[in-house]
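Notes follow the structure.
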Amino acid sequence: MAETNHQMAREADRDAALSALTQTVPYNRLLGVRFERLGDELTARLPFRQGLVGNPLLPALHGGATGSFLEITALMQLAWDMVSAEIDKGGAWAKAVAEGAFPVFPKTVDITVDYLRSGRARDSFARARVQKSGRRVAHLHVEAWQEERLRPIAMLRGNFLMPGQGG
Amino acid sequence: MSRQENDEPQLGALMLGGTQPLLEPVGEGELMSGLPFSGEIGMRLHGAGGSVAILSVPYDERLIGDPQTGVMHGGVVTALLDTACGAAVMAVPEKLESTATLDLRIDYMRPASVGQTVFARAECYRITRSVAFARAVAFHEGSDDLVASAAAAFVIERSAKRTKAGG
């Protein structure tokens, strides 16, 4: 029972840390991106609103909004992996994270975005997969979809520079 | 860095920074409120014509991607370059009904400077029956030190071809 309580507390800590990490970035707040955790997998959600539209006649999401959503998802995945590792260490690390001392964000080196389908006036979702996590560079694939997971609206491939060791 | 002599000399100078100033005085520009998301992030259009478009995004704390440095989110630069390339495509001499981004590749050479407006200059350098190709650079006024460069392909719909409704 004590073990279960401890585990639940740890899970609650993680949810709180993820929410705090998301909210610490002003551009995440502007777009209204949220993240949900299922096991070790993050799912991003971009709730639809008129301010995200590019073509008001269709209406369709602005390519820049979709591209931003993918890039936010990639950076948050990398940042979350670092935060999550610190929570695992427990003690002072976990305490620092709980107090909002997050690691420095990785930097985007290059990205390629493929726009497959027009983003419609509904919520979008995205998941990132870290294909390689090196000491200096990480390579990610991110997919965004709306009502059908297997019909992505856009995909991103990107290289990201990880923050310096001991930085 | 090798330079191709006969291949788009103007664009070559644009892409490499060149010796000529990257930006002549372009005034305040106009808020792009016709595209809601562009308007939301404060994107401005300074001019479009002859297959070229110049846009900008003034620095704004809502657009910060790294709270520790205050640098704008890469997604903002992505949105700016995507929109600039699209505007350059719409600025070709041929009459187009619409454009949709097919793909967009962005290289981030350095973080945008805190507090400074990011400009984008885009050029549509090739147009076929149904596809247009564009390149763009993002930079700060008076600086040859590029923030980012982009290459994009767009699916286009030509006005004259549309003879039937609901095509």
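For the reader, a short list of remarks on this structure follows.
- Cα centroid of segment A:27-49 to Cα centroid of segment B:115-130, whole Å: 30 Å
- log₁₀ of I(q)/I(0) at q = 0.20 Å⁻¹ - chain A, Debye sum with one point per alpha carbon: -1.30
- Counting only other chain Cβ atoms within 10 Å of each residue's Cβ, the peptide B:79-85 averages 4.
- Order of A:Phe48, A:Phe160 - criterion: other Cβ atoms within 10 Å of each residue's Cβ, fewest first: A:Phe48, A:Phe160
- Peptide A:53-60 - average C-beta neighbours from other chains (10 Å radius): 4
- If you plug the beta carbon distance of B:Val114 and B:Asp144 into 1/(1 + (r/R0)^6) with R0 = 22 Å, you get a FRET efficiency near 0.70.
- Spatially close Lys pairs in the protein assembly as shown, defined by Cα atoms under 23 Å apart and a spacing of eight or more places or different chains, total 4.
- All C-alpha to C-alpha distances of the protein assembly as shown, sorted into 20 Å bins beginning at zero, yield P(r) values of 31, 55, 13, 1 percent in whole numbers.
- Considering helices alone, the calculated mean residue ellipticity of chain A at 222 nm is -12500 deg cm²/dmol, with DSSP H runs of length four and up weighted by -39500 (n - 2.57) and normalised per residue.
- Mean shadow area of segment A:1-85, taken as a quarter of the surface of its Cα convex hull (nm²): 6.2 nm²
- Contour excess over end-to-end distance, with Cα ends at A:Gln131 and A:Glu147 and 0.36 nm allotted per residue: 3.2 nm
- Under the span-like rule (Cα at least 15 Å along the axis, Kyte-Doolittle mean at least -0.5), DSSP H helices of chain A: A:63-89
Every number here is computed from the coordinates shown, using simple stated rules; none is lab data. Predicted model, so just to flag it, every value in this text is computed and none were measured. Please note: Cβ atoms are built from the backbone with ideal geometry, for glycine as well, and neighbour counts cover all protein chains shown.
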